[in-house]
1. Which far-off residues, 5 or more places away or on another chain, put their amide H under 5 Å from the one on MET23, with H placed in the peptide plane?
2. Lys and Arg at +1, Asp and Glu at -1: add these up for the other residues within a Cβ distance under 15 Å of LEU34 and post the number.
3. Roughly speaking, what is the stretch gain from SER20 to GLN35, that is 0.36 nm per residue apart minus the C-alpha to C-alpha distance, in nm to one decimal?
4. Please give the contour-minus-distance gain from MET11 to SER42: 0.36 nm per residue of separation, less the Cα-Cα distance, rounded to one decimal in nm.
5. Given R₀ = 22 Å, FRET efficiency for THR78-GLU3 by Cβ-Cβ distance, to 0.05?
6. Springs between alpha-carbon pairs under 10 angstrom, Gaussian network model over the chain: which of ASP29, ASP56, ASP44 fluctuates most?
7. Out of SER27, VAL49, ILE7, whose Cα points farthest toward the positive end of the dipole of segment 2-93 (charges: +1 Lys, Arg; -1 Asp, Glu; placed on Cβ)?
8. List the pair-distance distribution P(r) of the chain, using every Cα-Cα distance, as the percent of pairs falling in each 10 Å bin from 0 up to the bin containing the longest distance, rounded to whole percents.
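We did not get these values from a lab; they are worked out from the coordinates using the rules stated. Everything quoted here is computed from the prediction, not taken from an experiment. Methodologically, a virtual Cβ is constructed for each residue, glycine included, from the backbone with ideal geometry; neighbour enumeration extends over all protein chains shown.
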Amino acid sequence: MIENKLIAEFMGFETYKANSYSMVRYSEDNERTLQDTHYHTSWDWLMPVVSKCRCDSDSEDSHWEEIYYTLEECNLNTTYKAVVEFINEYNQNK
């Protein structure tokens, strides 16, 4: 899932290819295939990303507001999509 790769890289984790698998290195002794990331299915995975988005946004950032409103709805899928949009915009402006 390309969006999970985008999120992992935004969070500062290394991504790489190994034996035709896309991998994410979370620490020296914790590596997973990209397929085993769960940003799109788990609040536990997504909320640290939401927190980083908040820290990396400025006070007038409309993309942060989109994330904020999706959190009020408590809808994981829409929050995930808003996070991906935020990161794409963040990457374009850095």
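1. TYR16, LYS17, ALA18, LEU34
2. -1
3. 4.2 nm
4. Result: 9.6 nm gained on full extension.
5. Here the calculated transfer efficiency is 0.95.
6. Checking each option, the largest mean-square fluctuation is seen for ASP29.
7. Going by the Cα projections, it comes out as SER27.
8. Percent of pairs per bin, in order: 16, 49, 28, 7, 0.
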